[in-house]
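Each reported figure results from applying straightforward, stated rules to the coordinates on display, with no laboratory input. If you're wondering where the values come from, they're calculated on a predicted model, not measured in any experiment. Don't worry about glycine lacking a Cβ; one is built from the backbone with ideal geometry, like all the others, and counts go over all protein chains shown.
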Amino acid sequence: MRGRFHDLVLQARGLPIKEKAALARLLIEELDTSVDVDAEQLWIDEAQRRYDAYKRGELEARSGDEVMARARTVSNDWLPISSSSRGGNDLR
């Protein structure tokens, strides 16, 4: 992974977090050619279903810290692993 792409990766890694997020959003939008016109309504419906279940006592509330800690743990399961354990194929 040398040349222009490698240089871009190094530059992207040096960006402040907000600029990294903006770049990621832009790249994902360019790659995602499918547009689900119902997606927003589906998320609204899901949020309402969960809220109603919570109000009925069927779902337990969790703190933001607890949710984020779990998300970090789960995301570590699918993030690229270090080059030392994968033969040097990633960009770390």
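What are the pairs, 6+ residues apart or on separate chains, where a residue within segment 18-33 that is within 15 Å of L8 (Cα to Cα) has its Cβ under 7 Å from a residue that is assigned to a loop (DSSP other than H, G, I, E, B)?
Matching pairs, first to second residue: L23/L15.
Scan segment 11-58 residue by residue and report those that are in a helix (DSSP H, G or I) and surrounded by fewer than 10 Cβ atoms within 10 Å (Cβ to Cβ).
Within segment 11-58, I17, K18, I28, E29, E30, L31, E40, K55 qualify.
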